[in-house]
Amino acid sequence: MLKQRRFFATEPAFSALFAAFLSAAFLLSACSGPRLPFFNNRDAQQESNGDGPTEPQGPVIQTVLTGLSNPRGVAVLPDGSLMVAEAGTGYNAVDPEEWTGRLSHFQDANQDGDFDDDGETTVWFPNLPTYNTLQEYETWRDEVGGPGDLLRHSDGHLFLTVDGGHGRIGLHEISPYKRMGRNLSARGNMNGLAFSRDHSHIYIAESTANALSVINIADAEHRKITQFGALASGQQSVPAGVAVDPRNGDLLVALFSGALVIEGEKLPVIAGDSAVVRVDPETGTIADAVLGLTTAIDVAVDAKGNIYVVEMCSGYADLIEPAHDLFDPDQTPVHGGYLRYSGRVTVYPPPAAADAPPYQADADATVLADALDMPTNITLAPDGSLYVSTGQGTPGRPIPGPDGPTRIVGEVIRITLPDANSR
Ligand SMILES: [Ca+2]
Ligand SMILES: [Ca+2]
Ligand SMILES: [Ca+2]
């Protein structure tokens, strides 16, 4: 079923107010509700010169896929259908035939705006690696690895990263005819991918190595562009997402920020220490683009240079022991390391000048969507809409939700911006 929510984008000063208004009652009365800042001036003009009730102008958020297991990379095909990578349940079975990482094709056959109807799913690869870092690396967090980011080349090939833990690492080339081809890299965890503007190279955010690299698709030659240093509190930078600024080829990289242990206290997240940086792909020079973020995990840039940032959560809660049974459906609901339903998508305008100071998230963010449950990936579609994958963690695990206990479910939402073509 198509779920649709329509609401206003807000400036940060209003975000608390905004969250309080996110109730069904407010949504139903949005047309006559309190005035909040509009997404842009054009909308405000439309509002003021209308003769009669005007539809609220803000991003429209739709759930287009649900019931998934850790959706990650989304690629939008020319016909509007989606390829979606799922990292799977995290259950690392001995038998590879029980692995649940997947790559699937979703077509809106009945044209109702979503991809969840009978016959709309074609699984291309059903048994790709999956694991949970809690059990493999004792991270005190419910975090699933497996198939990750996904790109679609202009020639029709797909490029998919897989992190199955313990050496099951790859950047796979997949033909339009469902053939798994070359593995272009097995160097280390590759969280984020982006094509160069001519699609001859792939940029790679290497989270474990804290590096940014580039691979020549033709011969798989690898070159490290830069190495990221420690963030403000001394933690590792953990590059998680990368995007190319289509205006000049600059790279925007989301630095998620690593965990710290200070005087025995485990700190998976230090709010405000995450950042998006701008990197020169030739020289490796790094400049801050957006500071004051928390768990920035992916980034996208549109043709005008607007920077879209996904933050996975706003803090940490309920760290869990490695012995915790993630797959017991009767467990007490716990967050499991990261604070659930605290992720968001924000946008920042292109910098006014090359030497402009970096944006500060608390002052400069325009919020497109918030209270999201653990979003991980963003894809900017050719029509200007944004696809965001949510629901990181063990599918079905009991967690605290906004309206009481609920369970983890993987979803893909689409954010349609007001008059995307004018941006
Ligand atoms: Ca449907
Ligand atoms: Ca449909
Ligand atoms: Ca990405």
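The values are calculated or read from the model by the stated rules, or taken from the named source; none is laboratory data. This structure is a prediction, so every number in the text was calculated from the model and none was measured. Please note: Cβ atoms are built from the backbone with ideal geometry, for glycine as well, and neighbour counts cover all protein chains shown.
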Exactly one of these conditions fails for Ser104: (1) in contact (Cβ under 8 Å) with a residue 24 or more places away in the chain; (2) more than 16 Å from ligand 3 (Cβ to nearest atom); (3) assigned to a strand (DSSP E or B); (4) not aliphatic (A, V, I, L, M). Give me its number.
(1)
Of the listed residues (Gly90, Gly156, Gly167), the one being at positive phi, modelled with pLDDT of 95 or more, surrounded by fewer than 20 Cβ atoms within 10 Å (Cβ to Cβ) and among the small types (Gly, Ala, Ser) is Gly156
Looking at (1) farther than 27 Å from Leu339 by Cα; (2) crowded, with 21+ Cβ neighbours inside 10 Å, which one does Ala287 not meet, given that it meets all the others?
(2)
Give the residue that is farthest from ligand 1 (Cβ to nearest atom), with candidates limited to residues of segment 93-114 that are hydrophobic (A, V, I, L, M, F, W, C) and buried (at least 21 other Cβ atoms within 10 Å of the Cβ).
Trp99
So for segment 191-205 (the condition being surrounded by 22 or more Cβ atoms within 10 Å (Cβ to Cβ) and in a loop (DSSP other than H, G, I, E, B)), does at least one residue qualify?
no
As an exercise: evaluate Val162 against (1) within 16 Å of ligand 3 (Cβ to nearest atom); (2) assigned to a loop (DSSP other than H, G, I, E, B) and give the number of the one condition it does not meet.
(2)
Out of the residues in segment 128-155 that are more than 30 Å from Val269 (Cβ to Cβ) and within 23 Å of the chain's Cα centre (by Cα), which is nearest to ligand 3 (Cβ to nearest atom)?
Arg152
Which of the residues belonging to segment 125-159 are part of a loop (DSSP other than H, G, I, E, B) and either of a type in the set (Lys, Arg) or over 28 Å from Val261 (Cβ atoms) (or both)?
Pro129, Arg141, His153, Ser154, Asp155, Gly156, His157
Here is a list of conditions, (1) of a type in the set (A, V, I, L, M, F, W, C); (2) assigned to a loop (DSSP other than H, G, I, E, B); (3) in contact with a His (Cβ under 7 Å, 6 or more places away or on another chain), and Phe115 meets all of them except one; can you say which number that is?
(3)
The one condition Asp117 fails out of (1) more than 16 Å from ligand 1 (Cβ to nearest atom); (2) at pLDDT below 95; (3) surrounded by fewer than 17 Cβ atoms within 10 Å (Cβ to Cβ) is (1)
When you check Val299 against the structure, is it away from ligand 1 (no atom under 16 Å from the Cβ), modelled with pLDDT of 95 or more and farther than 17 Å from Asp149 by Cα, yes or no?
no
